Amino acid sequence: MKSLLLSLIVLIAYNSNSQSIKIGQWRDYLPYNNAISLAKMNDKIYVATDNNLFYLNITEQTLNRLSTINGLCDIGVAAMAKDPHKNTLIVAYNSTKIDIIENNSVYSILEVERENVVGGKSINNIAFNNNNAYLSCSFGVVEINTEKKEIINTFYLNANRNLGVNDLCFKGDSIYAATDSGLYKASLDNNLLDYQSWEQTIINFPIHSLEVAYQKVYFLSESSEDIYYYSSEKAHLANTTENLRFLKADSGRLFIGTQSNLIEIMPDNSLKSIKENSYLYKITDVIIDGNTYWVTDGIRSLIKISESLSLQDYQPSGPLTNRAFSTLTSQNNVFISTGGVSIQWNNNNTFQGVHWTDGYSWFNIPYTRLAGAKDITNIAEASNGNLFVGTWNNGLLELEYNEDLNDYTLVKEHNFKTSNGSLQTISGDTSDNSYGWLRVKDVVIDDNGLVWITNSLVNKGLAFMNTDGQWQSLNITSYNTQNNHLGDLIIDNQGKKWFIIAEGGGVVVYDDNNTPENTNDDKNKHLNTNAGEGNLPSNTVYSLALDNDGEVWVGTNKGVAVFYDTDEVFNFNGDAQQVLIEAGGYIEPIIANESVTAIAIDGANRKWFGTKNSGVFVYSADGSQQVKHFTEENSPLLSNTINHLSINNISGEVFISTDKGLVSYRGEATSGEKKHGNVMVYPNPVRENYSGPIAIKNLVENANVKITDIKGNLINTTTALGGQAIWDGKNKYGERANTGVYLVFSTNPTGLETNVAKILFIK
């Protein structure tokens with residue numbers, strides 16, 4: 001049975017955690033801490049984590065990351081193994097996609113193919129025999145020809161095709177399968193496609209982790225802490241120990257791992273401790289390299305145990321979890337909210353705190369330093385650099401940067417007991433805990449430094465803190481927020497607050513008339529699907545965004561709508577409109593059939609729409625043209641389910657939070673100014689081996705750009721996207737520019753603001 005193959009991809013590892021990536025490139029922000037297996041090929045130690053891969057170049061002592069960014073077909077590693085007879089590495093994913101890494105190239109098998117299999121599918125382990133790899137799957141065994149890079153057979157161990165295989169091994173002319181129904185055996189001379197060729201042995205209890213050592217088949221009991229071997233058609237107890245985690249044969253020796261101990265099983269079945277140390281945590285795999293033991297575990301990933309038994313760990317820098325509910329970008333820093341809320345707007349009960357990076361190193365602010373707060377929802381940064389962190393139970397936390405620690409520390413808890421008592425706990429909560437179940441979904445800081453939050457399940461769901469640190473909650477007269485969760489919050493150019501009523505409640509817009517402490521002149525309006533009351537395409541609203549022209553964009557489960565004139569929102573004619581385009585001879589709204597879960601606006605006022613099932617759409621400033629569409633099928637996007645979008649409009653980097661983790665894409669647009677800044681061209685010089693985009697940065701907003709040679713002959717023209725223009729290095733005839741110095745003339749649309757820059761081009 002053949003599988004669908006991707007084209008060959010040359011594997012290019014990256015080891016840099018630098019602050020900038022090239023235009024059009026991607027970068028992942030994934031954890032590398034929970035290693036599950038390892039393998040050695042030549043001078044490289046490959047490590048599979050539960051998310052992705054990295055390898056250590058032993059000679060150069062460099063760490064190199066492997067992910068969808070640079071050629072792998074997926075994330076979420078289920079199993080990895082090296083062919084013992086050649087330099088071929090097979091990586092299986094939770095999705096059942098498979099990568100074959102060979103000679104720095106990746107061959108991707110998109111799916112384990114099978115028919116008429118009941119239940120889910122998963123890949124548990126990988127074993128090799130001759131030129132083929134055998135995958136232990138939840139439904140049977142899949143055989144891959146590693147030479148042809150294709151699936152050739154699927155074996156089932158029973159008539160119902162529902163007996164899962166936990167592990168496989170080969171001894172002599174037999175194949176052994178560990179299952180939840182015991183140990184199965186078959187002769188390699190028989191037709192393995194016939195389930196009747198598979199014989200259940202006398203061992204009928206659940207087993208896993210099969211290995212061949214000392215001419216015996218060893219296995220672990222699924223339900224005990226016992227080590228067995230199979231001989232003379234019987235199961236023999238070899239030894240027992242606590243907290244067994246794996247069984248591994250390597251270099252003619254047999255090992256087991258426990259919580260913190262690497263142990264060798266000797267030929268007489270006695271146990272010899274190699275290294276027991278609290279530094280080791282949940283040991284998952286081991287290989288022998290001369291007198292060196294390489295070990296993987298659940299915290300430090302790769303650990304080298306030298307001949308002297310000293311320990312050294314290796315791990316690429318990254319967050320501790322792939323959970324990325326939302327992000328905040330600030331200068332070169334990226335902050336990740338790891339918690340969020342469930343689909344039902346309940347707690348996820350995540351305790352990973354806040355992760356952040358300065359572009360070089362990663363830091364974690366654990367929940368223990370956040371007063372035990374769980375389910376971080378959103379983060380905002382004040383003008384003094386303090387962070388305001390929303391949580392789904394524990395109110396609002398304020399953090400201050402500590403230069404001595406190069407990290408943030410908690411300085412104040414904003415909740416009903418430690419503030420002035422104005423913030424409300426959820427309805428009916430009479431518990432005497434320190435927070436009173438105060439749910440904050442979003443936090444925004446306005447131009448005057450006031451901190452605004454949405455406060456769920458209370459009768460005054462919109463609250464703000466003034467510059468004196470005093471809180472005030474505002475009464476929403478147009479909608480009863482007592483029994484509703486409140487979602488995203490934005491503030492428009494006139495200071496009106498727009499926030500989502502979750503679970504089909506539409507949107508509320510609140511106008512405090514720029515006097516928030518005086519509520520006598522306030523008004524608010526509930527926006528829904530009715531004409532004159534918002535005219536939204538649906539009351540199920542997921543996202544809000546304010547664009548560069550002051551328009552408010554609303555994402556729903558039926559596409560997007562836009563309020564073009566927010567001054568008119570309280571009037572009957574201030575309804576939202578949908579952007580209409582022609583498609584297939586029909587006029588229809590843009591992405592009308594998508595659930596738009598996130599919206600972000602780039603420096604060129606283009607709209608980035610994240611969706612529930614279809615990845616990320618990029619539309620022109622007015623929404624009339626689709627510019628890009630990123631999916632996990634056509635890009636390194638980790639998943640088509642998007643949680644959040646944020647954009648660093650200084651660099652143009654777009655941060656995409658998915659249900660599988662965080663990635664970024666370096667876009668072409670940056671924010672522009674009214675005057676030219678320090679105009680820079682990158683790269684400069686443009687060398688003969690460079691073929692990527694040439695960025696002209698720090699331009700006046702939407703500049704018209706002309707590129708000429710030194711004599712003034714026109715080479716090409718372009719228009720800036722916000723504050724950045726892109727030149728492909730070609731003349732107007734599509735030919736690569738010749739070696740020489742080129743001039744970049746840029747003007748604003750009126751022609752009054754001008755600038756000249758130079759580019760050295762080498763053909």
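Just so it is clear, none of the values below were taken in a lab; they were calculated from the coordinates. Values in this document were obtained by computation on a predicted structure and should not be read as measured data. Reconstructed Cβ throughout: ideal geometry from the backbone, glycine too, with neighbour counts over all protein chains shown.
A few notes on this one:
- Three-way shape call for the stretch 641-763 based on the alpha-carbon gyration tensor, with the a/c threshold at 1.5: oblate
- Modelled FRET efficiency - R0 60 Å, Ser361 with Glu233, Cβ distances, 0.05 increments: 0.55
- Between the stretch 536-595 and the stretch 46-96, the alpha-carbon centres lie 43 Å apart.
- In this structure the amide hydrogen of Thr658, modeled in the peptide plane, comes within under 5 Å of the amide hydrogens of Asn643, Val663, none closer than 5 places in sequence on its chain.
- With R₀ fixed at 35 Å, the C-beta to C-beta distance from Thr409 to Tyr279 puts the FRET efficiency at about 0.80.
- Low-density loop cleavage sites - GluC sites (Glu not before Pro) in the stretch 584-648, where at most 10 other Cβ are within 10 Å (DSSP): Glu633
- Under 13 Å from the Cα of Lys732 - aspartates and glutamates, other chains or at least 8 residues apart: Asp709
- Listed by chain and number, the lysines whose alpha-carbon sits under 19 Å from that of Lys216, ignoring those within fewer than 8 places in the same chain, are Lys171, Lys185, Lys234, Lys248, Lys272.
- Rounded to the nearest 20 debye, the dipole magnitude of the stretch 631-763 is 560 debye, with +1 charges on Lys and Arg beta carbons, -1 on Asp and Glu beta carbons, and the Cα centre as origin.
- Cβ-to-Cβ counts within 10 Å put Glu753, Glu111 in ascending order as Glu111, Glu753, the fewest first.
- Ordering Thr658, Val705, Ile75 by the projection of their Cα atoms onto the charge dipole of the chain, which places +1 on the Cβ of Lys and Arg and -1 on the Cβ of Asp and Glu, puts Val705 at the extreme positive end.
- Using the Cβ of Gly24 as centre and a radius below 10 Å, the other residues enclosed give a net charge of +1, where K and R count +1 and D and E count -1.
- Look at the dipole of the chain built from charges on Cβ: of Thr241, Ser478, Gly504, the Cα furthest out on the positive end belongs to Thr241.
- 3J(HN,Hα) along the stretch 163-171: 8, x, 10, 8, 6, 9, 8, 10, 9 Hz, from the Karplus curve 6.51 cos²θ - 1.76 cosθ + 1.60 with θ = phi - 60°, whole Hz, x for Gly and Pro.
- Overall size of the chain from C-alpha positions, given as principal axis extents largest first: 89, 78, 60 Å.
- Charge context of Asn748, other residues only, Cβ under 11 angstrom, K/R +1, D/E -1: -1
- Charged neighbours of Glu398, selected by a Cβ distance under 9 Å, balance to -1 (K, R count +1; D, E count -1).
- HN-Hα J in Hz across the stretch 81-93 - Karplus 6.51, -1.76, 1.60, θ = phi - 60°, x for Gly and Pro: 7, 9, 5, x, 9, 7, 7, 10, 10, 10, 10, 10, 10
- Assuming charge only on the beta carbon of Lys and Arg (+1) and of Asp and Glu (-1), the dipole of the chain about its Cα centre is about 1540 debye to the nearest 20.
- The distance from the alpha carbon centre of the stretch 133-174 to that of the stretch 184-230 is 13 Å, rounded to a whole number.
- From least to most packed, judged by other beta carbons within 10 angstrom and beginning with the fewest, Lys523, Lys697 follow the order Lys523, Lys697.
- Cα gyration tensor category, rounded, prolate or oblate, for the stretch 306-428 with a/c compared to 1.5: prolate
- Using R0 = 56 Å, the C-beta based FRET efficiency linking Lys148 and Ser342 works out to 0.80.
- Neighbour-count order for Tyr742, Tyr195, Tyr690, fewest beta carbons within 10 angstrom listed first: Tyr690, Tyr195, Tyr742
- Cross-link pairs Lys282/Lys412; Lys121/Lys441; Lys97/Lys628 - those with Cα-Cα distance over 30 Å: Lys282/Lys412; Lys121/Lys441
- Whole-Å distance, taken between Cα centres, linking the stretch 456-528 and the stretch 289-342: 41 Å
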